[in-house]
1. When only alpha-carbon atoms count, how far does region 177-255 stretch along each of its three principal axes, as whole angstroms with the largest first?
2. Might you report the magnitude of the Cβ-based charge dipole of region 1-150 about its Cα centre, with Lys and Arg at +1 and Asp and Glu at -1, to the nearest 20 debye?
3. Using the Kirkwood formula over every pair of different C-alpha atoms, what hydrodynamic radius in Å results for region 79-138?
4. Inverting the mean 1/r over all pairs of different Cα atoms, compute the Kirkwood radius of the chain and quote it in Å.
5. Under 8 Å for C-alpha pairs, at least 6 residues apart: give me the relative contact order for region 87-182, rounded to a whole percent.
6. So what's the gap between the Cα centers of region 29-83 and region 392-410, to the nearest angstrom?
7. Which percent of Cα-Cα pairs in region 5-66 sits in each 10 Å bin, short to long?
8. Pairs of Cα atoms under 8 Å, at least six residues apart: use those to get the relative contact order of the chain, whole percent.
Amino acid sequence: MYIEQLYTNCLAEAAYYIESEGEAAIIDPLREIKPYLELAEKRGTKIKYVFETHFHADFVSGHIDLSKKTGGKIIYGPNANTEYEVYNAKDGEVFTLGKVTIKALHTPGHTPESTCYLLQDENGKDHAVFTGDTLFVGDVGRPDLLDGVMSKEELAGMMYDSLNTRIKTLADDVIVYPAHGAGSACGKNIGKETYSTIGMQKAANYALQNMTKEEFIAKVTDGMLPPPKYFFEDARINKKGYEPIDSIMDKNKSALELDEFKKLIAEGALVLDTRKPDDFERGFIKGAVNIGLNGQYAVWVGTLIDIDQPLVLIVEPGMEEEAILRLARVGYENVRGYLKGGIENWDEELEKVNSINASDVAEFMKKGDKVIDIRKPAEFNAAHIKGAAFITLSDMPGNLEGLDKEKDYVVHCAGGYRSMIAASIMKREGFKNPINVYGGFGAIKDTGVEIESEAVEV
């Protein structure tokens, strides 16, 4: 038996490769299937099954393409209704893979069809459970992604039953392999580890402690941020099916001459600048939004930009395929191309964002400049600059109303990546001088600026 976790930091997503006696199974594959095909070829195995734990909302799965390429059967749990051919496993149904078995455990709660897969070794002993978005390290999946079909309280109640009858009954030494790690919006506060054990989670995970169903529902549904805008569309794509990734890449990977690039902007395309914040601030096209490839690029695109919005890209030469592929992972397929030659090929005056060092923040505050903290509520509540305004990035630009576009604003996040996204949005909205802070709050808190903790409502 061989298990490999294939973790993708940009989406905080884990797919899995399981192998026994020349047969392999993939669990929750990302849209680009090349890594799975290469791994199977390298190890000399045939992919027999493609298991899906649920209809993913945060990425488009590669299950359809992978099944077509390998003949591997797509397996979902009960109640998974698709517009393409799959096999719906019954609760408790067992699948043979070489000398090991994989048992489907129907665990509704995150979604009605959510299913965990219990891997049993050659001796029939429970070895690991692949929990999808049912159980994370330190957290459980959010129960509010059915967009009114079922209430979050109904789903949380189902989650309580699933955890108590399916998950907590497993032996303490069973390894827990979840679908996501820290940074994913599929949970409230997922731990930094990408795997654990049942025993460790029973000891430390708040959702696995002894409590009534009513107490559980209250805890799980408390403090949830709204899901990123693209979640519901990606879930729909995963139910309905999609165009092959190779076709999307061929269509979207167009090197645009300057005139064509400008024409598309004039027709309504948004300039998505994928360079690092430090490069963006030195010069960018008016109206461009900066979401750098060096961070959670796809997640922030999905949070801030409408999935149907036509896009044209500014990309560092050589990074074009990665920029387009990572958009396709989350269902963003309306990419008209990228500027050939990158920003160096732009022939008009470039806009700039001013940035300051963390040590300069106090001086700007003395001048009367307002500090805007654009982090998440939990980050702000833990500690923030006294007097800072809380205007979270995920709600921009709608939450910028009431600010004076002629004034200077000092904008910071935790480390500098998100604050440049915010500054670019503010510039696009007509703000004259949003001022980015190098190093963000991580650097500011060590400069002597007065820090406080004061909760804000989510």
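The values are calculated or read from the model by the stated rules, or taken from the named source; none is laboratory data. Note that this is a predicted model, so its numbers are computed, not measured. When we count neighbours, we look across all protein chains shown, and the Cβ atoms used for this are built from the backbone with ideal geometry, even at glycine. Ligands, DNA and RNA are stripped out before the accessible areas are found, and what is left, the full protein with its side chains, is counted by its heavy atoms. Shrake-Rupley method; radii C 1.70, N 1.55, O 1.52, S 1.80 Å.
1. Taking the Cα atoms of region 177-255, the three principal extents are 55, 25, 22 Å.
2. Numbers: 14 positive and 24 negative charges, 93 e Å.
Its charge dipole is roughly 440 debye.
3. On the way: mean 1/r = 0.0802 Å⁻¹.
Computed over region 79-138, the radius equals 12.5 Å.
4. On the way: mean 1/r = 0.0426 Å⁻¹.
Here the Kirkwood hydrodynamic radius works out to 23.5 Å.
5. Numbers: 175 pairs, mean separation 25.8, N = 96.
Normalised by residue count, the contact order of region 87-182 is 27 percent.
6. If we compute the Cα centre of each part, the gap is 42 Å.
7. The distribution over region 5-66 is 22, 58, 19, 1, given as percents.
8. Working: 1015 pairs, mean separation 52.9, N = 458.
Computed value for the chain: 12 percent relative contact order.
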